[in-house]
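What follows is a set of notes on a single structure, which appears directly below.
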Amino acid sequence: MPNRAPIDASRSRTFGRMGYTMSRGCGMDLQVLKEYVEFAKYLNFSAAARMLHMSQSSLSKHIADLEKNLGFVLVSRKGTPTLTPAGQIFLETVEDVLFQLEKTVEKCKEVQHGHVGRIVIQDPLIDATIGNQSINAFMYFSEHYPMISIDLHTIRGQTSLEALNDGTVDIAYYMAYGDEAEIIEERARLGVTAFPMRRRRFAVWMRRDHRLTNLEELHMADLHDVPFLIPADRLFDDWRVVLEQASLAHGFFPKVNLKVTPTINGYFALNTKDGVVILSEAFLRDPRFLMRDDMVTHELADPDCYYTLFIVYREDNENPALPPFVERLKMAAAEEVDQGL
C-alpha cells in the first residue's frame, strides 16, 4: 500500500466544533468525517479513540458504517491499519471540504454580525471637514472589517433624505438649525435616525470691497438686505432651509439667489458681485477658498449662528454592515468632543 501523506493538523483540529449533518442521500455525518480524519493521523484506532474521547469499538463501527454508506473500503485492517488508495484520495478531499466548510461557517457568522458586505455613504462635500471623522472610521474598518467595502457616493439632483429613502445611500449627512432634540424627533417621525456629529458656526465669504467688510463685528441681522448665493442643486435644499431658519430667528426672510454650480468647485468660481456666500467657518478654511484674493471671510458674531451636522440613516435599513459603522462614527464624534474639537 502507498504511504499515507502527512496530514495538516491545523486544518483538521477545529472540525470537531461543527455538529452539522449532511444530506441523507450522502449517508455521512460531519462528526464521522472528522473521526476519519483523526484516525488517519494515527492509523491506530486506540490512539485516535482516546483523542476523540470515545471508545475504540465505537470509532471502528463509525468508520465501518461510513465505508458501507460510501460503497468502498477506506481502511485496510490486515495487520497494521493503513489507508487504501481510495481511502487516501477520500481523506484529501474530506480535509479540503471540512476546511472550506469551516471557513464558510466563519464567513457566514461574519455576515450575520455585519462584518461582511458593502455600505454606501454620502460624500460629505457640503462640509468637507466632516471627512476627518469618516476617514478615521474608514481606516478602522479597513483594519477590523476587511470584508466590508465602503463606497462614497456624491448625491446629485436629490436631497439626502430622498437618497436614503430610495436606497441610493445607507448613510447621509443632514444639516439643520435649531434645537437638536427637536430635530432628532422630527427626523424620527420620518423613519430616520439622526445623530449629531458636529456644530459649525456660520461664516460669510464676500468680496473684499463689500460694504459689510467695514463692520467691526458682523451679525446675521446685517445681512437682511444682502442676497445669499446658494447652489441650485437639490442637494443644497437642506442648506437653504438652514439659512432661512437662521435668518427668521433674526427677524428677516433672506433673499436667495440660486446659482448653477454643477460641482462643489463651482463655489470657488462664483461671480459674487450679486451677494455673499454663507458656509461653515471650517469649510471656508479650505485652501481653495483662500486662492481668491478678491474675497474675504468674516465669521458671524451671534452666539446662536451655528448649525448642527447630523449623520442620518433609515431605521428600517437592514444592511448588517450599518450598525458597526454608525457606532464607529459615533465614537469618532465623542472623541472629538472629549478633545474639545
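The values are calculated or read from the model by the stated rules, or taken from the named source; none is laboratory data. Keep in mind that this is a model prediction, so the values were computed, not measured. Every residue, glycine among them, receives a Cβ derived from its backbone with ideal geometry; neighbour counts consider all protein chains shown.
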Which condition from (1) basic (Lys, Arg); (2) surrounded by 14 or more Cβ atoms within 10 Å (Cβ to Cβ); (3) farther than 24 Å from ALA333 by Cα is the one that ARG208 breaks? (2)
Checked against (1) over 38 Å from the mean Cα position of the chain (by Cα); (2) surrounded by fewer than 19 Cβ atoms within 10 Å (Cβ to Cβ), LEU218 satisfies every condition except (2)
Taking ARG240 as meeting all but one of (1) more than 30 Å from ILE119 (Cβ to Cβ); (2) surrounded by fewer than 21 Cβ atoms within 10 Å (Cβ to Cβ), write down the number of the exception. (1)
Please find, among PHE45, PHE39, the residue that is of a type in the set (Phe, Trp, Tyr) and under 18 Å from GLU92 (Cβ atoms). PHE39
Failed condition for ILE155, given (1) under 26 Å from TYR306 (Cβ atoms); (2) at pLDDT 80 or above; (3) surrounded by fewer than 19 Cβ atoms within 10 Å (Cβ to Cβ): (3)
Please tell me if ASN69 is within 14 Å of LEU33 (Cβ to Cβ), out of contact with any Cys (no Cβ under 6 Å at 6 or more places or on another chain) and either of a type in the set (S, T, N, Q) or modelled with pLDDT of 95 or more (or both). yes
Which members of region 141-170 meet the condition of being over 22 Å from PRO231 (Cβ atoms) and assigned to a strand (DSSP E or B)? ILE148, SER149, ILE150, ASP151
Members of region 185-216 that are part of a helix (DSSP H, G or I) and touching a residue at least 24 places away in the same chain (Cβ under 8 Å): ARG187, ALA188, LEU212, THR213
